[in-house]
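Structure first, commentary second.
Here, each number is a calculation from the coordinates, and none is a lab measurement. Keep in mind it's a predicted model, so treat the numbers as computed, not measured. No Cβ is skipped: glycine too gets one built from the backbone with ideal geometry, and neighbour counts run over all protein chains shown.
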Amino acid sequence: MSNEINSDEMNGAESLVRTLIDGGVTVCFTNPGTSEMHFVAALDKVPGMRCVLGLFEGVVTGAADGYYRMLGKPASTLLHLAPGLANGLANLHNAKKADSAVVNIVGEHATYHIKYDAPLTADIEGTAASMSHWVKTSPTSKTIAGDGALAIEAATQTPGQIATLILPADTAWGPADEVAVTTAPSAPPKVSDDAVKAAADLLRTSDNATLLMGGAALRERSLNLAGRIAAKTGCGILTEGANTRLERGAGRVQVNRVPYVVELALEVMKKAGDLVMVGAREPVAFFAYPDKPSLLVDPDAKSTLLAGTDEDMEAALEALAIELDCLDMEPAGVAAPHRPALPTGEITPAAIAAVLGAMVPEGAIVVDESVTTGREFFPTTAGAPPHDWINNRGGSIGYGLPVAVGAAIACPDRKVIALEGDGSCMYTVQSLWTMARENLDVTVLLFANGTYNILRGELTNVGVLNPGPRAVDMLSIDRPNLDWVQMAKGMGVEASRVTTAEELATAFDSGLHSEGPYLIEVAI
């Protein structure tokens, strides 16, 4: 069997690329190896697919997540065998928790070669299963196009899913004779009348109730409907602590998040009272802590599910507004335009929030992995011009810069602002290289405190009150100190370091006016 590509004959890899493009998958985030070379050649031969190289698989999978969050359609990844897939699993976990649709193409040894147990041979299906909704190994070059269409169909369900298609090398180089047609996804189902009536009854009869929103319910029109319901019933509106994508800013209904810290979350949920959930679930603590509850809702509160993430949430909110006779009311809680004064002096979380609130441009996409530094950014930025805010749904760190890459590829006409902790950034620092190579319009605020600050707090939360020097050392990332300006410039990204609030505002202005990537090391 020849492994040469015959330009007059379509091979399996080419039939798969053509199927992906015809099915609406037109961006491929890649980190290929030998087994994927025929697919690489097909990507080169077939017009219509944008290929973006990442130097680490976590960049590739995270970028596919960010791309979907902004466009609502899947990108493809290209990964090398089980180890390459394994390197990307953490950000696939985050994508899965965010209900992002991703089509993974994972190379495999030629089918006849697997029995020899070569060094990179491993269980790819088993590796993929934990972070995928759909996994399949295509057996022949004749079936790969059809399997590619099935992968797209699996990914584009509501909510989005992770589909992993495994491509043996001989399946890629063998002859193929078709491009498969992908069936368009069906519209998400409407919620039942009973769900609408139960939500309306709870809001009518409760002395204290809250709409708890998540997923696609956090788009502008759905929030506007929630504001009308709040105006009619007096209920509150909250979002989950970490959101896939929240449309916020002046002129939009303002919402706050359930806090990360358990004690604060319990206070908020006590005040929230009874819950009507829309694309959300009853909030739980990120971790178990001694003598603290896992479930954060008030034990005396009632709850009802209006719509799940697999249902039409906007239509559900509209039906609830009709049931409550408030569809024509002015929404409550609309954020008024407000720009705080630029701060001076020391850089603090409050000063950073003020700079953001004063300077975030209209249409910006804020990708937030600021972890501890950014917990209180929401109130000060609520009156900024309309923008999107993205959080880490899965909690596995190293998501911020890759998601920013994907968001910038998806929306090249919008400024992307990445809020990143130094510890998190080291997981996927290779993202900077991709930003430079693609000249992506991303401004990175890198909060450099030289420590895994969140873990220092967690040490106390689990009851370790007097940690010794070895424990503290394991949570610090100094000795040597990380030089972010040098690292960024070494990967082709313009960068500067700031130590005062005034310097931060000046550097942020430079980043916002840059047409390519720009990193600001914010010394804290």
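Structure values in brief
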| read-out | value |
| --- | --- |
| Cβ-defined net charge surrounding S424, 13 Å radius [Lys, Arg +1; Asp, Glu -1] | -4 |
| The chain - share of DSSP beta bridges that are antiparallel (%, nearest 5) | 10 |
| Rounded FRET efficiency, nearest 0.05, which uses the C-beta distance separating A350 from Q486 and R0 of 35 Å | 0.75 |
| Ranked packing of 398-410, 138-150, most packed first, by mean Cβ within 10 Å | 398-410, 138-150 |
| Percent RCO, i.e. relative contact order, over the stretch 349-523, from Cα pairs under 8 Å lying at least 6 residues apart | 22 |
| Dipole of the chain, positive end: most advanced residue of T210, H513, L317 [Cβ charges, Cα centre] | T210 |
| Packing-based exposure ordering (other Cβ within 10 Å, fewest first) of D44, D22, D368 | D44, D22, D368 |
| Ordering of 56-66, 288-298, 324-334, 154-164 by packing [mean C-beta count within 10 Å, highest first] | 56-66, 154-164, 324-334, 288-298 |
| Cα gyration tensor shape of the stretch 193-323, rounded if a/c is under 1.5, else prolate or oblate by comparing a/b with b/c | prolate |
| Taking the C-alpha atoms of the chain, convex hull volume expressed per residue in Å³ | 159 |
| Efficiency of FRET between D328 and D44 - r from beta-carbon atoms, R0 51 angstrom, step 0.05 | 0.35 |
| Segment F287-A184, length gained on full extension (0.36 nm per residue, minus Cα span) | 33.2 nm |
| Taking the chain and dividing mean pair separation by its residue count, relative contact order in percent (alpha carbons under 8 Å, at least six apart) | 14 |
| Relative contact order (percent, whole number), the stretch 193-323, Cα cutoff 8 Å, 6+ residue spacing | 34 |
| Proximal charge balance of T205 [Cβ under 10 Å; K/R count +1, D/E count -1] | -1 |
| Contour minus Cα-Cα distance for L71 and S510 (0.36 nm per residue) | 155.3 nm |
| Ratio of the Cα radius of gyration of the stretch 1-115 to 2.2 N^0.38 Å, where N counts its residues | 1.06 |
| Virtual spin-label span in nm between I477 and E267, 7 Å along Cα→Cβ | 3.0 |
| Reach of K190 by Cα under 26 Å, taken over lysines that are not fewer than 8 positions away in the same chain | K73, K96, K97, K232, K302 |
| Cβ-based net charge around A145, under 10 Å, with every Lys or Arg adding one and every Asp or Glu removing one | -3 |
